[in-house]
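Taking it in order: structure first as structure tokens, then the write-up.
The values are calculated or read from the model by the stated rules, or taken from the named source; none is laboratory data. No experiment lies behind these values; they were computed from the predicted model shown. Reconstructed Cβ throughout: ideal geometry from the backbone, glycine too, with neighbour counts over all protein chains shown. The area values use the complete protein model at the heavy-atom level, side chains included, leaving out ligands, DNA and RNA. Shrake-Rupley method; radii C 1.70, N 1.55, O 1.52, S 1.80 Å.
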Amino acid sequence: MSPKWIPTVQPIYEDTVQGCKALFEQAHSEGVIQADLVRDTFQPLVNNFRMERDVVSMLLLLNSKDDYTYQHSVQVGMLSFYLASWLGYSEEEAVEIGQAGFLHDIGKSHINEQILNKPGRLTDEEFDEIKRHPIYGYEIISKSMDNELAAVVAAQHHERMDGTGYPNGLKGEEIHPVAKIVAVVDVYSAMISMRVYREKRDLLHVLREIYRMSFYELDPETAHTFIKHMIPNFIGKRAELSNGQTGVIVMTHPTEFFRPLIQIGEHFVDLTNERELEVKSVYL
């Protein structure tokens, strides 16, 4: 059964995806984008999604196989807005951060579409070209609008805490705090998208992967705040355990993110005590 918000939210989401496509086309043909088009495209989404708590279901239910680059931009914008709020930024700052997330990949408008949409492995030359999109993004935003934050985020969202990122191999404190926010949600959105995993992917796997990356590549405080706020979205979802049993997640743990309390029939299993068991997968 579709949640009651789908009919209200779906058209707004789709309009935003189309608006994003228009921005990419403008950036591609003119090398600049209109600041008011950015605002008019992104703001209705923020206004309508502010109330929706179950972000996990929402993104997966709205996700479709088409327009990956544009949908990814919209998702990263929304999630950056949420994560900024969870990290204690003001409403106004969170909207600005969401907008920076929305524009993070605008530099891809300068990358050949055949490379962007290539289903198989990229050649070294193709990957080198992809790695230029943060620089292109910085240039497009700097030329188009007075928004240093969005420009820096576009430039730095692929930098990593341990210096293994690109384009400049920045480390730790050299990376802007907002670029660290967008880096986390960028990884999350890319991993839940249908483009990367054709079949329905276990949702918890993606958060586990972000947790693993938080020890080297992603900023730990930012990544753990994201996980902590996403995990309660699993309450009420069906989970399969490593012993083959399935139940419903009834409670999550504030620090042991991946060890919730699960109800199987009349019986409760607390994974913080039952250490030999773990959640194998979670379903919508």
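With a 1.4 Å probe and all protein chains left in place, how much of the accessible area of the chain comes from carbon and sulfur atoms, in whole percent? Exposed carbon and sulfur together represent 50 percent of the surface. Compared with the dominant principal axis of the Cα atoms in the chain, helix 68-86 is inclined by about 70°.
P(r) for the stretch 114-163, from all Cα pairs and a bin width of 5 Å, is 4, 20, 21, 18, 18, 13, 5, 1 %, short bins first.
Rounded to the nearest 0.05, the FRET efficiency derived from the C-beta distance between VAL32 and GLU113 at R0 = 22 Å is 0.65. Think of each Lys and Arg Cβ as +1 and each Asp and Glu Cβ as -1; about the Cα centre, that makes the dipole of the chain roughly 840 debye.
Need the full-extension length gain, THR8 to GLU274, defined as separation in residues times 0.36 nm minus the C-alpha distance. One decimal, nm.
Working: separation 266, 0.36 × 266 = 95.76 nm, distance 4.19 nm.
Extra length available between THR8 and GLU274 comes to 91.6 nm.
Couplings for the stretch 95-111, taken from phi via the Karplus curve 6.51 cos²θ - 1.76 cosθ + 1.60 with θ = phi - 60°, read 5, 5, 5, x, 5, 4, x, 4, 9, 4, 9, 4, x, 5, 5, 9, 9 Hz in order; Gly and Pro are left as x.
Hey, how many Å between the Cα centroid of the stretch 83-144 and the Cα centroid of the stretch 215-284? Between the Cα centres of the stretch 83-144 and the stretch 215-284 lies a distance of 31 Å. The heavy atoms of GLU240 offer some 40 square angstrom of accessible surface to a 1.4 angstrom probe. Distance between the modelled labels on SER281 and ASN47, one decimal in nanometres: 4.0 nm (7 Å Cα→Cβ projection). A convex hull fitted around the alpha carbon atoms of the stretch 56-150 yields 119 Å³ per residue.
Accessible area per residue (1.4 Å probe, heavy atoms of protein chains only) ranks TYR166, TYR283 as TYR283, TYR166, with the largest value leading.
Ranking ILE227, THR272, PHE215 by how far each Cα lies toward the positive end of the dipole of the stretch 196-284 (charges on Cβ) leaves ILE227 at the top.
Just to verify a number: FRET efficiency for ASP67 and ASN243, C-beta to C-beta distance, R0 = 45 Å, to 0.05? The partial results should precede the final answer.
Values: r = 40 Å, r/R0 = 0.90.
That gives a FRET efficiency of 0.65.
Among the listed pairs LYS21/LYS180; LYS108/LYS228; LYS180/LYS228; LYS108/LYS143, those whose Cα-Cα separation exceeds 19 Å are LYS21/LYS180; LYS108/LYS228.
Sequentially through the stretch 30-45, phi angles give Karplus couplings (6.51, -1.76, 1.60; θ = phi - 60°) of 10, x, 9, 10, 8, 4, 5, 5, 4, 5, 5, 7, 7, 4, x, 5 Hz, Gly and Pro residues having no value and appearing as x.
Report the convex hull volume per residue for the stretch 150-284, counting only C-alpha atoms, in Å³.
Values: hull volume 15.7 nm³, N = 135.
So the per-residue Cα hull volume is 116 Å³.
Over the chain, the Kirkwood radius and the radius of gyration, each from Cα atoms, give a ratio Rg/Rh of 0.98.
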